[in-house]
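Trainee: Pasting in a structure now, in structure tokens, and then I'll have a few things to ask.
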Amino acid sequence: MKSIAVIGSGITGLTSAFLLKQKKCPVEIYEASSRVGGVIQSVRKDGYLAEFGPNTLLNTSKKIEHLIQMANLAGHVIFAEDVDQTRFLVRGGKVINMPSTALGFLTSPLFSWVAKFNLFMEPFRPRWKNKYEETVAHFVRRRFGQEFLTYAIDALVAGIFAGNPERLSVMHGFPKLYQGEQKYGSLIRTQFFGAHDRKKRGETSKQEARVFSFDEGLQVLTDSMAANLDNMLHLNNTVKKITRTPTGWKVGYLDGDILMEREHSAVLLSTSAYTAQNIALHTDEKLSLAPLGQISYAPVTSVVLGYKRSAVGHSLKGFGMLIPGIERFNILGTLFSTSLFKNRAPEGHVALSSYVGGMRQPELAGLPDGKLFELVHNDLVQLLDIKEKPTFQIAHYHSRAIPQYDVGYGFYKDHVANIQERCPGLFIGGNYTRGPALSDNLLSGFDFADRIEKYVKEAGLIDG
Ligand SMILES: Cc1cc2nc3c(=O)[nH]c(=O)nc-3n(C[C@H](O)[C@H](O)[C@H](O)COP(=O)(O)OP(=O)(O)OC[C@H]3O[C@@H](n4cnc5c(N)ncnc54)[C@H](O)[C@@H]3O)c2cc1C
């Protein structure tokens with residue numbers, strides 16, 4: 001049997017390839033860069049462990065646990081300390097505990113009585129019946145009021161998408177909220193009834209799922225899957241074209257300066273949208289990946305600063321803090337990394353991982369490291385009562401970090417669906433198709449592996 005081509009070795013491509021191998025389907029992975037993992041990159045330096053990309057994974061499904069077992073990583077998993085349920089929001093320059101219960105919300109100084117009243121009125125508000133697509137901002141204003149948007153959702157959207165709620169589509173960016181309103185008429189009702197539906201599917205909501213990582217960071221997972229796929233992995237091989245042939249697919253890739261070609265039974269394209277746009281698609285029907293280049297991406301820089309524990313006034317007992325745009329800080333949010341996971345800083349020190357830029361202040365992400373260290377430190381001094389200079393600093397710039405599921409995003413989803421429908425054996429995935437969360441990308445790997453196996457079997461391309 002000809003092998004299956006997986007293009008891109010981010011979490012989506014690696015998970016799919018790893019699972020296909022478990023199913024005894026031969027795979028070849030093409031990776032443009034010199035390392036695997038895509039945006040996942042964990043760096044150990046001077047006793048600190050810095051994540052350049054994502055910091056945490058959510059255990060939303062038994063399948064995730066199963067993957068960890070298959071990768072022999074159960075002994076390397078570290079669940080977040082109990083503090084992960086405590087999250088902070090900044091309001092009026094103060095770091096305030098985010099309420100997690102109805103009573104906590106009622107007594108919280110974070111929101112005015114008007115906002116509290118609006119929240120309790122939510123179940124009585126009508127569902128959206130208009131035809132035009134809503135932004136997240138419009139949706140939240142309509143159901144909960146402006147204050148909730150300004151102080152809670154703006155910060156949350158910055159934390160997940162580094163995005164702008166006035167542009168993000170609720171239907172595409174937060175499909176569960178959109179569907180919840182359509183199905184149950186209210187988000188508060190969705191909380192109750194949705195839990196029952198999830199239980200039936202064996203899933204856990206993102207709010208309830210346990211947060212975890214690995215002893216040496218998230219890269220442990222991608223490195224381990226890559227090690228298992230070792231001789232099937234082709235680094236520094238940028239795919240330039242995909243051609244349909246009478247018997248399957250041919251992948252054209254650059255090996256140094258030379259364009260090479262290899263035959264495959266099926267192809268999974270799991271790159272980012274902005275690189276997929278450069279891959280020529282040769283089929284009988286004039287289809288093109290070029291429109292994917294119009295998807296906007298938020299630039300983000302991760303800045304990890306280390307401090308002596310004694311120099312930080314704040315207790316840091318929590319997951320971290322999110323900062324609404326109205327507060328006018330440079331940071332979008334900060335994770336209290338050493339409170340979440342052990343072994344992220346030398347004894348007596350703490351590590352704080354902040355994100356800068358996003359759609360809110362894209363120009364900040366591209367500043368020189370020295371300037372960023374200064375801006376982030378100054379914000380942390382004000383917010384967390386820090387009295388000394390950092391003892392450690394490192395930054396990593398992502399020019400295009402996270403795809404923005406803005407209003408109109410359905411065009412790209414339909415485009416991808418149309419190509420897949422008209423090109424049997426070509427599968428398209430990655431974080432611009434099913435949401436940016438790692439857990440969703442990982443679960444999409446299970447889905448792709450099942451669908452690809454089914455395809456090659458039904459097409460008679462594999463025994464069994
Ligand atoms: C700064 C940051 C923080 C984040 N934090 C979190 C978090 O805490 N929790 C969470 O759940 N999610 C988080 N995310 C989101 C999550 O990390 C990503 O959505 C996910 O890792 C994307 O995986 P992917 O496989 O879709 O793509 P990528 O990781 O982008 O991988 C795509 C791969 O394809 C390769 N490639 C591209 N073009 C070609 C080509 N032509 N030929 C061959 N190879 C090619 C690339 O080199 C790359 O290796 C974060 C993202 C960023 C950037």
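Trainee: Could you tell me whether Tyr151 is crowded, with 19+ Cβ neighbours inside 10 Å, more than 16 Å from the ligand (Cβ to nearest atom) and of a type outside the set (Val, Ile, Thr)?
Mentor: yes
Trainee: Scan the stretch 178-202 for residues that are under 21 Å from the mean Cα position of the chain (by Cα) and under 17 Å from Tyr132 (Cβ atoms) and jot them down.
Mentor: Tyr178
Trainee: Further, regarding this structure: Residues to consider are Thr283, Thr275; find the one that is within 11 Å of the ligand (Cβ to nearest atom) and not small (Gly, Ala, Ser).
Mentor: Being within 11 Å of the ligand (Cβ to nearest atom) and not small (Gly, Ala, Ser) holds for just one of Thr283, Thr275, which is Thr275.
Trainee: Spot the failing condition for Gly366; the list is (1) under 30 Å from Ala266 (Cβ atoms); (2) surrounded by fewer than 18 Cβ atoms within 10 Å (Cβ to Cβ), and only one is missed.
Mentor: (1)
Trainee: Search the stretch 227-249 for residues that are over 16 Å from Ala276 (Cβ atoms) and pair each with any residue that is more than 10 Å from the ligand (Cβ to nearest atom) and of a type in the set (Lys, Arg) when their beta-carbon atoms are under 9 Å apart and the residues are at least 6 apart or on different chains.
Mentor: Partner pairs satisfying both residue conditions: Asn228/Lys21; Leu229/Lys21; Met232/Lys21; Arg244/Lys250; Thr247/Lys2; Gly248/Lys2.
Trainee: Hey, another quick one. Evaluate the following for Glu208: is it over 30 Å from Ser288 (Cα atoms), surrounded by 14 or more Cβ atoms within 10 Å (Cβ to Cβ) and charged (D, E, K, R)?
Mentor: no
Trainee: Give the residues of the stretch 110-133 that are within 30 Å of the chain's Cα centre (by Cα) and of a type in the set (A, V, I, L, M), sorted by residue number.
Mentor: Leu110, Ala115, Leu119 - these are the residues of the stretch 110-133 that are within 30 Å of the chain's Cα centre (by Cα) and of a type in the set (A, V, I, L, M).
Trainee: Name the strands (runs of 3 or more DSSP E) wholly inside the stretch 29-92 in which the number of residues that are surrounded by 18 or more Cβ atoms within 10 Å (Cβ to Cβ) and small (Gly, Ala, Ser) is 1 or more.
Mentor: 42-45, 48-51
Trainee: Within the stretch 10-24, does at least one residue satisfy the condition of being in a strand (DSSP E or B), within 14 Å of the ligand (Cβ to nearest atom) and out of contact with any Cys (no Cβ under 6 Å at 6 or more places or on another chain)?
Mentor: The answer is no; no qualifying residue exists.
Trainee: If you don't mind, another one. Can you name the helices (runs of 4 or more DSSP H) wholly within the stretch 353-464 that have at least 3 residues being under 22 Å from Lys250 (Cβ atoms) and away from the ligand (no atom under 16 Å from the Cβ)?
Mentor: The qualifying helices (runs of 4 or more DSSP H) are 410-422, 438-458.
Trainee: Return yes when Ser315 is of a type in the set (S, T, N, Q), outside any strand (DSSP E or B) and either touching a residue at least 12 places away in the same chain (Cβ under 8 Å) or not assigned by TED's automatic domain parsing to the domain that holds Ile153 (or both) and no when it is not.
Mentor: Answer is yes for this residue.
Trainee: Tell me which residues, restricted to the stretch 25-42, are over 24 Å from Asn55 (Cβ atoms) and more than 7 Å from the ligand (Cβ to nearest atom).
Mentor: Those that are over 24 Å from Asn55 (Cβ atoms) and more than 7 Å from the ligand (Cβ to nearest atom): Cys25, Pro26, Val27, Glu28, Ile29.
The values are calculated or read from the model by the stated rules, or taken from the named source; none is laboratory data. Owing to the predicted nature of the structure, the values given are computational and were not obtained by experimental measurement. Every residue, glycine as well, gets a Cβ built from its backbone with ideal geometry; the counts of neighbours run over all protein chains shown.
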